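Engineer: Once you've had a glance at the structure underneath, I'll fire off some questions.
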Amino acid sequence: MTNNSIIGFLRLAISISIVVFVTAAFGCGGDDGNSPEKSGSGGDSESGGSDDSGDSESGGIGGGGTGGGGGDNGELPDCPAKNPPLDDPYCLNSGCPYAVLKDLDPNNRPMGDCCNTVDIARKEQSMSKGETYDLEFATMIYLPQLYENVANEMINKLVANYQTKGADVTLVRFRDVPRTEDMTEPVPVTVEISSGKVNCDGSFSFYGPNGAPPPVHDGPPNDPGRWKKHVLEVNYNGFDAAELTEKPSEEVLAQASGLTWAVRWKETRIDYEQPIKFLWLTLKNNPDNWSCYGSMDLKSNWDLKAELRLFIPVEEMKQTILPDLADQSQCGLFAMGAYAANECDDLPQDQWGTKPNGYCDADDKCWLGDPNDAEYADFWEIFYDGEDGCGGEEHPCCDPAGLDTALEPCNAFYMREGCAIAAVDITDEDSDDPDKANSYITNCQ
């Protein structure tokens, strides 16, 4: 399998260019082509997606319900069954994740074709000059890259089903941003990003410093804080600019350094934690809808409008075991394919079907180190303003096959992913109860 197929797992640009340093597979997904326009991550009624997905006749997006009535006394109006959210962007979109929550707060109803629960433009219009607010987003869908890479249809369907039911979510919060109309220049803001959970009322919460239970498998440390949100400082441009944030400085890139672990599912057959050393989120502003970066059609296929670039370290992947799926390490699944007889340590790196293309140094700073990789020019333009690329003492190149004695072997997989992100409400109270991690599927329906 080629590096192109690894990278094909993610597309697009909507851009809040911001470096984050958490969870890689934890926020977005990709597709097989080079165009980010259509992903199919959610699947269609034939090939994946939510078990609840369907067409307008059978209760897909906007299906089911009253055809648009209601709305009084806390009752949620459903989207018209034949022409969902386009006719009424504030109706309850019953095809969205979380729409089935029995204790759903009307203020948290998923709306429109991206399933946002907050309308940012309306929010800013209701504010006074000089006021600030917390700008908050959640991923609505992504297909974790390791399943896309091995092209295993069974795994793809399984992941898509649980994704569209909200089994796993990445949260991003911009603290105290000004209204766009009040801005005359970029302003520094604090960004929080990490794995999170869906609450039974439709709100979202980060995990706190004691939110992670003891790990199920070897690899992640027995540290209850390994899921806590991570913080970095960026310059915020507002929604009138082409990109929501400025390109990061070397200092911001340094804030993204360090190994972290992304939450994965607890109540399903997919049970592991994702190691990651670097993640960059890009959102190019959508002038028509500030609340949505991606959209879903009647069959739960997603058009992805957000992009992540990330590094997954090889050594930690060797320790991340996926029982019941293929009884393989994540490294074996990536490098050899599903159900392969060999693990990464069984064969020299030059015999791996898919070879790593990135390098992370002793300080966990990572870069794309293979000059022959298809994403090479894009990476160095995005992060280093088109500098010459790897080479020299600061950013040495690496050898994917590990045969060149003059170079270090590449030791991380670099890839791009696409995802759909929607504006939501994140509570101020972080979750520190490990027993309720990822409890949405079993406890909230």
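The values are calculated or read from the model by the stated rules, or taken from the named source; none is laboratory data. Computed from a prediction, not measured in an experiment: that's the story for all the values here. Methodologically, a virtual Cβ is constructed for each residue, glycine included, from the backbone with ideal geometry; neighbour enumeration extends over all protein chains shown.
Engineer: Within segment 177-191, take every residue that is under 18 Å from Ile120 (Cα atoms) and surrounded by 14 or more Cβ atoms within 10 Å (Cβ to Cβ) and give me the one that is nearest to the chain's Cα centre (by Cα).
Structural biologist: Filtering segment 177-191 down to residues under 18 Å from Ile120 (Cα atoms) leaves 177-183, 189, 191.
Next cut, surrounded by 14 or more Cβ atoms within 10 Å (Cβ to Cβ) only: 177-180, 182-183, 189, 191.
Working: Val177: 22, Pro178: 25, Arg179: 26, Thr180: 25, Asp182: 30, Met183: 28, Val189: 21, Val191: 15 Å.
So the residue we want is Val191.
Engineer: May I pose another question? Collect the residues in segment 80-137 that are among the hydroxyl-bearing types (Ser, Thr, Tyr) and at pLDDT below 90, keeping them in residue-number order. Walk me through how you get there before you give the answer.
Structural biologist: The initial filter retains those residues of segment 80-137 that are among the hydroxyl-bearing types (Ser, Thr, Tyr), namely 90, 94, 98, 117, 126, 128, 132-133.
Within segment 80-137, Tyr90, Ser94, Tyr98 qualify.
Engineer: When only residues in segment 379-398 that are touching a residue at least 24 places away in the same chain (Cβ under 8 Å) and surrounded by 15 or more Cβ atoms within 10 Å (Cβ to Cβ) count, which is nearest to Pro248 (Cα to Cα)? Write out each step before concluding.
Structural biologist: First, pick out the residues of segment 379-398 that are touching a residue at least 24 places away in the same chain (Cβ under 8 Å): 379, 382-383, 385, 390, 395-398.
Restricting the remaining residues to those that are surrounded by 15 or more Cβ atoms within 10 Å (Cβ to Cβ) gives 379, 382-383, 390, 395-398.
Working: Phe379: 13, Ile382: 9, Phe383: 7, Cys390: 19, His395: 17, Pro396: 21, Cys397: 22, Cys398: 24 Å.
For segment 379-398, the residue satisfying everything is Phe383.
Engineer: For segment 296-336, which positions are under 24 Å from Trp367 (Cβ atoms) and assigned to a strand (DSSP E or B)?
Structural biologist: Answer for segment 296-336, where residues must be under 24 Å from Trp367 (Cβ atoms) and assigned to a strand (DSSP E or B): Ala306, Glu307, Leu308, Arg309, Leu310, Phe311, Ile312, Pro313.
Engineer: So, in segment 369-416, how many residues would count as being closer than 22 Å to Pro275 by Cα, among the acidic types (Asp, Glu) and not in a loop (DSSP other than H, G, I, E, B)?
Structural biologist: 2
Engineer: Still on this structure, I have one more. Are any residues in segment 191-234 part of a loop (DSSP other than H, G, I, E, B), of a type in the set (Asp, Glu) and in contact with a helix residue (DSSP H, G or I) (Cβ under 7 Å, 6 or more places away or on another chain), and if so, which ones? Give the steps one after another, and end with the answer.
Structural biologist: Going residue by residue through segment 191-234, those that are part of a loop (DSSP other than H, G, I, E, B) are 199-203, 208-229.
Now restrict to residues that are of a type in the set (Asp, Glu): 201, 218, 223.
Within segment 191-234, Asp201 is the sole residue that qualifies.
Engineer: Which numbered condition in (1) more than 19 Å from Cys419 (Cβ to Cβ); (2) modelled with pLDDT of 80 or more is the only one that Glu243 fails?
Structural biologist: (1)
Engineer: Right, another one. Modelled with pLDDT under 80 and either farther than 24 Å from Leu333 by Cα or outside the structural domain of Asn108 (by TED's automatic domain parsing) (or both): which single residue out of Ser249, Ser257, Ser205 fits that description?
Structural biologist: So the residue among Ser249, Ser257, Ser205 that is modelled with pLDDT under 80 and either farther than 24 Å from Leu333 by Cα or outside the structural domain of Asn108 (by TED's automatic domain parsing) (or both) is Ser257.
Engineer: Between a first residue in segment 300-315 that is under 10 Å from Asn411 (Cα atoms) and in the same structural domain as Val172 (by TED's automatic domain parsing) and a second residue that is at pLDDT below 85 and surrounded by 24 or more Cβ atoms within 10 Å (Cβ to Cβ), which pairs have beta carbons less than 6 Å apart while being 6 or more apart in sequence or on different chains?
Structural biologist: The qualifying pairs are Ile312/Ala24.
Engineer: Where residues in segment 337-365 are assigned to a helix (DSSP H, G or I) and within 13 Å of Val314 (Cα to Cα), which of them is nearest to the chain's Cα centre (by Cα)? I'd like the intermediate steps shown before the answer.
Structural biologist: In the first step, residues of segment 337-365 are kept if they are assigned to a helix (DSSP H, G or I); the result is 344-346, 349-351.
Going one step further and asking which of them are within 13 Å of Val314 (Cα to Cα), we end up with 344-345, 349.
Details: Cys344: 26, Asp345: 29, Gln349: 29 Å.
Among residues in segment 337-365 that are assigned to a helix (DSSP H, G or I) and within 13 Å of Val314 (Cα to Cα), the one nearest to the chain's Cα centre (by Cα) is Cys344.
Engineer: Tell me which residues, restricted to segment 319-355, are touching a residue at least 40 places away in the same chain (Cβ under 8 Å), of a type outside the set (Val, Ile, Thr) and closer than 24 Å to Pro221 by Cα.
Structural biologist: Here is the first cut: in segment 319-355, the residues touching a residue at least 40 places away in the same chain (Cβ under 8 Å) are 319-325, 330, 333-334, 337-338, 348-350, 353-355.
Next, from what is left, pick out any that are of a type outside the set (Val, Ile, Thr): 319, 322-325, 330, 333-334, 337-338, 348-350, 353, 355.
Selection gives Gln319, Leu322, Pro323, Asp324, Leu325, Gln330, Leu333, Phe334.
Residues are listed down the side, and each one gets a yes or a no for (1) on the phi < 0 side of the Ramachandran plot; (2) surrounded by 15 or more Cβ atoms within 10 Å (Cβ to Cβ); (3) not assigned by TED's automatic domain parsing to the domain that holds Glu417:
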residue: Leu333; (1), (2), (3): yes, yes, no
residue: Ala341; (1), (2), (3): yes, no, no
residue: Asp350; (1), (2), (3): yes, no, no
residue: Thr354; (1), (2), (3): yes, yes, no
residue: Asp364; (1), (2), (3): no, yes, no
